[in-house]
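As C-alpha cells, the structure follows; a few thoughts come after it.
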Amino acid sequence: MPASTEFPGGQVAEHTSAEDLLKKFSFEELAIATRHFSNKRVLGIGDFGDVYEGNLPSGELIAIKKLKYMQDGEQEEEIENQIKEVGSVSHPNLVKLVGYCCEEADRLLVLEFVPNKSLKFHLSDEKKRSKLKWSIRMEIALGSARGLAYLHEQCNPKIIHRDIKSDNIFLDSDFKSKVADFGLAKIFPEINIRHIPADKKEATIYTDSENSNEKSDVYSFGIILLELISGRKIHESNLDIVNWAKPLMTKGDSINVDYKSLVDSTLKEDYDQIEMERIIYCAAASLYSPSSKLRPTMGQIVRTLEGKMPHKELWVVEGTQSASNDDYKAYELKTYKYSELAQATGHFTNGRLLGGGGFGSVYRGSLPREKEVAIKKLNYEISGQEQEEFEKEVNAVGIVRHGNLVKLVGYCNEDSDRLLVLEFVTNKSLRYHLNDEQRRSNLKWSERMKIAKGSAKGLAYLHEECNSKIIHRDIKAENILLDENCKPKIADFGLAKFFPITNSVTHISSRWKGTNVYADPENYYTQQGKSIQQLSDKSDVYSFGVVLLELISGRVVLLELISGRKINDEHQVDIVKWAKPLMIKGDSVEINYSSLVDSTLKGHYDKKEMEIMIYCAAASIYRPAKLRPRMKQIVEALEGNMSPSELWAVEDVKFISRKLNETELEPPSLLKKFDFRFLAEAAGDFSGKHHLRQHDLCPVYKGVLPGSDQRKVAIKRLKYEFSQQNKQEFEKEIMAISNVNHRNIVNLIGYCSDEEDNRLLVFEFVANNSLKFHLHENGGSTIEWTRRMEIAKGAARGLKYMHEDSGHKILHLYVKSDNILLDDKFIPKLAEFGSAKIFPDSVTHLSISKIMQNSGYMAPEYQSTSKLTDKLDIYSFGVILLELITGKQPVGHFSGHKNMVKWAKPLLSQSPLEGKDKFDFVDKKLQNKYDTEQMGRMVACVLACVDDNPERRPRMSQILDVLEGNRSLDETILFLNLNL
C-alpha cells in the first residue's frame, strides 16, 4: 500500500514511486492517440506548448502536452529524472501526470483529462460567469490554494509553480479545481517564465517582477482571487485588474472595501459576506502587502479560506509583526493524551496548582521539549459534552489570536476528561497585584494604564474582530493575567463558548457566592433561586468598568471583612456603590480625586489619563446597557483618540440618579413586555386626542406611562389583519429589532403581544415633530442650512447603521420625511424602521405597492421587479436630500412634471461643477444662506442615490463619507460614479 497524507478539508495525497505512477510512451503511441496532433484535438495553446485531447487504446481519455522547447538529446536522462520527480507528486487539487515521452528532440507530458475546461473559460463571458455561483467560486479558490500549498510546503524539495493563472486552473465535472503545469519550471529550470514570449499583455500581469520564489506564486494566486471576486478580465479598458482593484480594496494602509464596485454583478449580491471578506483579505494581502516578505504563505491562505485563521491577521503593514509560518503552525492545536498531562503536572499535585474557578482548576505543567504551560482541568460534572461538539468549540476558540489574550495551545478530549492546555503567563493575575498594599504600590500608574489599554484591546477583539463574536461573561481581575512586562492577557475567554448552557453567575464566579459585583445588574436576575446572567457584550463592558475602578482606586471589589470580622450583608459595600458619589454629582461627572484615587500612587499619575479612565469606568457602569460604549470606543478613549465626554450623555443621568427598583432588575431582557390594558390606559384608550400620526400600516398614539416618572412614549397599535401574525414569530422579530441601538434611530422600549391578538409597539417619544412638518407644514418658518446639513448626516448615520453595522442588514422601506422625527435639538431619528422585519409579507404585498408606490419616495424599479433591497432605501434617502435642498414635497406640480425627482435631475446634473449660479432650485426660504461646497456635495449625493440603475447607487457609508466632507467635489464625483 502506498503511504498517504491527509490534508485540510479531507483530501488525501498519496506518495507513490514514479515507477508506480508514470508510464513511458513512445512518440508514435501519442501521435495515434491524438490523431497525429490534429487541430481538431487541440484543447489549448500555452507558452510551454500545445495541449491535445487523446484516446488510449484502453479507451482512457487523456491530455497530451507537446512541449515547444526542445532539449539536446544528451540531456535526456537528466530531463527524465526531473519528470519522474514531478510525477511522484499527487494531490486531489493538482492535475495528475500519467506518463511522458522523451524521445530524441520530442518532449511530451501525458496528463489526466479534466473535462470541464479552465477557470478562464468559465470567467470569459457574462453568461458562463453567471453560472459560477458563489459557493462554486469559493470551492475553486480553496481547492487551488490547497494544491499550491501542497507544492510549497509538503513537497521535498518544494515546487514553485511560476505560472499561476486562470488558464492553468482546470475544473472537473463537479467544478473541483486542479492546478496544471506545476512541474514545468522544475523540468526546465533554465527557462525564465518571465521571458517567455507572449502575444497578450495578460501574460505579464500575473507575474511578480521582483521575485521568483514561492511568494511570486502567492502574488499570482492573488490575481486569481481577484478574478473570482470581480469577474473582471485581467486587462480591460487599458487598466490591469491589480491597479483597478486597489482603490476598491485599500485605503492608506488599511483594508476598506467598496463591495458594490468590486464584486461581480452576475452574483447579484448572493454570496456569504464572511467568506467574501476572507477571500478579499487573502487577495489584498497577496497583492498589496508593502513587501513580498509580508505576503502570507499559501498555507495561511488555506487556513484563512477555511475559516480556521482570522482573516484580518493576514493584512500586515510595515512596522507590525507579520504572521510567520511558525505562527501559522500554531493555529494547529495539539492534542494530548490524559497521561501526558497528568505526568506534566505531577499527577495534578496541589504543589502545581495555580488557581481554581467555577469551570475547573489550573495547574502549572512541564511538557517535554516545550515551554511551560498552564493546564486547565475542567470539572467533571460539566464535561459531559459530546466529544465531537467539544472539539468543534475548542477549534473555534483555538484560532483566536491576539497579543492580549491567553493563547490556547492544545487540549485533551479523552473519555470523560476535558483539559485545555494554555500558554503560561508568568506574573500572576491582576487580582494578585491589587490585593496587597505593597504589591499595589509597585504597580505604577503607567503600568495600570498599560493594563487597562491592553485588556480593552483584547476584549474589543473578542467582540468585534473574531469571525463570530465571543462574549467573555466572566471579566474580573482574576482573569487578567500579567506577563513579566506587565502586559495583560485575558484568560478564560472561551469557556462560555464551550459551555453555553451554563448561565449561572454564581457558578462562573463562585468566589462571590450570592453577590457578584462584576455582574451587570440589568442582565442579572433570579430564577428559581439561581442567579442567572444573560449573554451580552454590554455585560462584559460593565464588568470591565469594575476592573477599571479597581485600577483607579486599588480598592477590593467587595469589602467583606472589618478587623477580621465578617459583616452583615446589608453593611457590605461593593466598589460600584462606593465609587458612585465620588464620580457622579447631579447631572454630570464630577470627580473627587483625593477620595477616589489609590493612595499608594501618592499622586504620581497623569491627570488627563486618569480623567479618561474614570470617564470610561463611569460610562461602562452607570449608564443603561443599551447606551454603554462598545469596547472599541473604550480603546479609542484610553488611547486619547476620542474625547471621554463623548462616552457620557447628560440626558442619561436621570437613569443613574435614581435608585433602581426591584422590577427593573428582574427582567432578563432590556425590552419590556407590557400588558394591553396598561397601554390602553396610557394612550387614553387610543382616543383621537392622543393620536400622533398614521403610519402606512397603523396608528401611533401619544402615551404617558403610569408611575412616578410619567414617562412619555409613542404607542403604535398594529391593525388587526397584521396582529394575527404568529405570536412566537412576532416576538422573535421584536427581539431582533430590539438590539438596534443608535442615536439616530427611534428607540424601541417595549411591546405587547397577548393571546387576543393585540400587538403594540412602545417607542421613545420624540418631541419635536417630523422633518415633513418643519419643511412643509410649519407656516412661514423654516430650518436653516446648517441644521438641514446635520439632519442629513444624522439620518444617513442611522440608515448606514441599519444596512451595514447592526449585525444583520435591516431594510427600512419607509424612508420619508414624516418618518424622520426631530428631538428638541433637531437631532434626527428614523422611525418605523422595524416594519419590514415584523411584516415581511405585508410590506411586499400591501404597504410598498399601494401606499409608498405613489408617495414619490419609491424607486422606479420596484414596480416592475417587486424586489426588496437596500437600494430602495438609498433612492428614498436621495428624495429626502432633495427635500432638504429644495423645500419641496416629492409629489406636486413641477413645470410639467408631477414627480420632483424627474423635475430636478436635469437641473441638478449641471450644478455641482457650475457653482452657486446654477443653484436656482434651492429653497427660497434659505435666502441664499448656505455653504456652496456643502450644497455641491449634497447635490452629488442626490444624483447618485436617485440613479435609475439601482446597481449604480452607492452604499450609505459612501453617502455619509461625502456628506461629512471627507472628499473634494472632484473626488466625490469619481467616488459616487457620477456621469456629469
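Of note:
- Evaluated against (1) assigned to a helix (DSSP H, G or I); (2) open to solvent by 20 Å² or more (accessible area, probe 1.4 Å), Leu287 falls short on exactly one condition, (2).
- Among the candidates Met858, Met938, residue that is within 32 Å of the chain's Cα centre (by Cα), part of a helix (DSSP H, G or I) and either at pLDDT below 85 or not hydroxyl-bearing (Ser, Thr, Tyr) (or both): Met938
- Selection from region 603-613 of residues that are open to solvent by less than 10 Å² (accessible area, probe 1.4 Å) and more than 11 Å from Ala637 (Cβ to Cβ): Met610
- Among residues of region 256-271 that are in contact (Cβ under 8 Å) with a residue 40 or more places away in the chain and among the aromatic types (Phe, Trp, Tyr), those with a Cβ under 6 angstrom from a residue that is crowded, with 18+ Cβ neighbours inside 10 Å and outside any loop (DSSP other than H, G, I, E, B), sequence gap 6+ or separate chain, pair up as Tyr271/Trp134.
- Scanning region 31-46 for residues that are open to solvent by 40 Å² or more (accessible area, probe 1.4 Å) and under 16 Å from Asn168 (Cα atoms) turns up Val42, Leu43, Ile45.
- Of the candidates Glu447, Glu550, the single residue that is at pLDDT 95 or above and open to solvent by 40 Å² or more (accessible area, probe 1.4 Å) is Glu447.
- Entry remark, region 801-830: residues being polar (S, T, N, Q) and modelled with pLDDT of 80 or more number 2 in total.
- Just so you know, in region 235-258 the residues that are part of a strand (DSSP E or B) and in contact with a Lys or Arg (Cβ under 9 Å, 6 or more places away or on another chain) include one that is most open to solvent (accessible area, probe 1.4 Å), and it is His235.
- Selection from region 280-292 of residues that are out of contact with any Gly (no Cβ under 8 Å at 6 or more places or on another chain) and within 16 Å of Ile160 (Cα to Cα): Ser292
- Test: residue in region 962-980 that is of a type in the set (S, T, N, Q), at pLDDT 90 or above, surrounded by fewer than 20 Cβ atoms within 10 Å (Cβ to Cβ) and closer than 23 Å to Gly798 by Cβ: no
- A single entry from Ser265, Ser261 fulfils the requirement of being of a type in the set (Gly, Ala, Ser) and crowded, with 16+ Cβ neighbours inside 10 Å: Ser261.
Residue-wise test of (1) more than 30 Å from Leu976 (Cα to Cα); (2) modelled with pLDDT of 85 or more; (3) out of contact with any Gly (no Cβ under 9 Å at 6 or more places or on another chain).
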site: Lys176; (1), (2), (3): yes, yes, no
site: Phe182; (1), (2), (3): yes, no, no
site: Pro189; (1), (2), (3): yes, no, yes
site: Thr207; (1), (2), (3): yes, no, yes
site: Val218; (1), (2), (3): yes, yes, yes
site: Ile223; (1), (2), (3): no, yes, yes
site: Lys233; (1), (2), (3): no, yes, yes
site: Asn243; (1), (2), (3): no, yes, yes
site: Ile255; (1), (2), (3): no, yes, yes
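- In the set (1) modelled with pLDDT of 95 or more; (2) buried (at least 23 other Cβ atoms within 10 Å of the Cβ), the condition left unmet by Ile136 is number (2).
- The residue that is farthest from Lys673 (Cα to Cα), counting only those in region 746-762 that are touching a Lys or Arg at 6+ places or on another chain (Cβ under 9 Å) and not in a strand (DSSP E or B), is Val746.
Residue by residue, here is whether (1) at pLDDT 75 or above; (2) on the phi < 0 side of the Ramachandran plot; (3) surrounded by 15 or more Cβ atoms within 10 Å (Cβ to Cβ); (4) among the acidic types (Asp, Glu) holds:
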| site | (1), (2), (3), (4) |
| --- | --- |
| Ser383 | no, yes, yes, no |
| Glu386 | no, yes, no, yes |
| Lys392 | no, yes, no, no |
| Tyr411 | yes, yes, yes, no |
| Ser416 | yes, yes, no, no |
| Val425 | yes, yes, yes, no |
| Arg431 | yes, yes, yes, no |
| Leu434 | yes, yes, yes, no |
| Gln438 | yes, yes, no, no |
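- Test: residue in region 52-65 that is open to solvent by less than 30 Å² (accessible area, probe 1.4 Å), assigned to a loop (DSSP other than H, G, I, E, B), aromatic (Phe, Trp, Tyr) and modelled with pLDDT of 80 or more: no
- The requirement of being more than 36 Å from the chain's Cα centre (by Cα) and open to solvent by 50 Å² or more (accessible area, probe 1.4 Å) is fulfilled somewhere in region 782-802, by at least one residue.
- Flag: Ser118 does not match the condition of being among the small types (Gly, Ala, Ser), in contact (Cβ under 8 Å) with a residue 40 or more places away in the chain, within 30 Å of Ser265 (Cβ to Cβ) and open to solvent by 30 Å² or more (accessible area, probe 1.4 Å).
- The condition (being modelled with pLDDT under 95 and part of a strand (DSSP E or B)) is satisfied by just one residue among Leu459, Leu420: Leu420.
- Lone unmet requirement of (1) modelled with pLDDT under 80; (2) assigned to a helix (DSSP H, G or I) for Phe833: (2)
- Tally of residues being within 22 Å of Ser588 (Cβ to Cβ), part of a loop (DSSP other than H, G, I, E, B) and open to solvent by 20 Å² or more (accessible area, probe 1.4 Å) across region 625-642: 2
The values are calculated or read from the model by the stated rules, or taken from the named source; none is laboratory data. Remember, it's a predicted structure, so these values are computed and weren't measured experimentally. FYI the Cβ positions are ideal-geometry reconstructions off the backbone, even for glycines, and counts take in every protein chain you see. Only protein heavy atoms, including side chains, enter the accessible area calculation; ligands, DNA and RNA are left aside. Shrake-Rupley method; radii C 1.70, N 1.55, O 1.52, S 1.80 Å.
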